[in-house]
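Novice: Pasting a structure here, questions to come.
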Amino acid sequence: MLKRRRQELSLSQAEIAQKTGISARTVQRIENGESDMTLSQYRRFIHALNMTDMDVSVAMLKYQPVTAGDIAAAASTLSQRERNAVMNLIFDLAGISRP
């Protein structure tokens, strides 16, 4: 998905490497699935590609179903107020009264 975005922006691997401070060889390995990226590398990639975590999440939904574990993991990064807001939105979209 990040590779596709890089290509949409007409950036070469060398250019994204320069923008992220990650070696071109590491960029190549990440894009080819030969290496996992660290959280730090991920953050540098999405910043260089002018993306947000939400952009990545939405793009991933097109290719992978979301599990309850995914939702729980995402919710764990939110404050209680933010979790309540998300739950209210979900209940509203589903047309369910909140318990």
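Laboratory data are not the source of any read-out in this text; all were calculated from the coordinates shown. This structure is a prediction, so every number in the text was calculated from the model and none was measured. Positions of Cβ are generated from backbone atoms using ideal geometry, with glycine treated the same way; all protein chains shown enter the neighbour counts.
Novice: Counting other C-beta atoms within 10 Å, and keeping those with at most 15, which DSSP coil chymotrypsin sites (Phe, Trp or Tyr not before Pro) do you find in the range 30-85?
Specialist: Of the chymotrypsin sites (Phe, Trp or Tyr not before Pro), the ones in loops of the range 30-85 whose Cβ has at most 15 other Cβ atoms within 10 Å are TYR63.
Novice: Determine how many Å³ per residue the convex hull of the Cα atoms of the chain encloses.
Specialist: Values: hull volume 12.6 nm³, N = 99.
So the per-residue hull volume is 127 Å³.
Novice: Something else: Can you give the helix-only mean residue ellipticity at 222 nm for the chain, where every DSSP H stretch with n ≥ 4 adds -39500 (n - 2.57) and the sum goes over all residues, rounded to the nearest 500 deg cm²/dmol?
Specialist: -19000 deg cm²/dmol
Novice: Work out the length of the dipole vector of the chain about its Cα centre, built from +1 on the beta-carbon of each Lys and Arg and -1 on the beta-carbon of each Asp and Glu, and round it to the nearest 20 debye.
Specialist: Numbers: 13 positive and 10 negative charges, 32 e Å.
Magnitude of the dipole: close to 160 debye.
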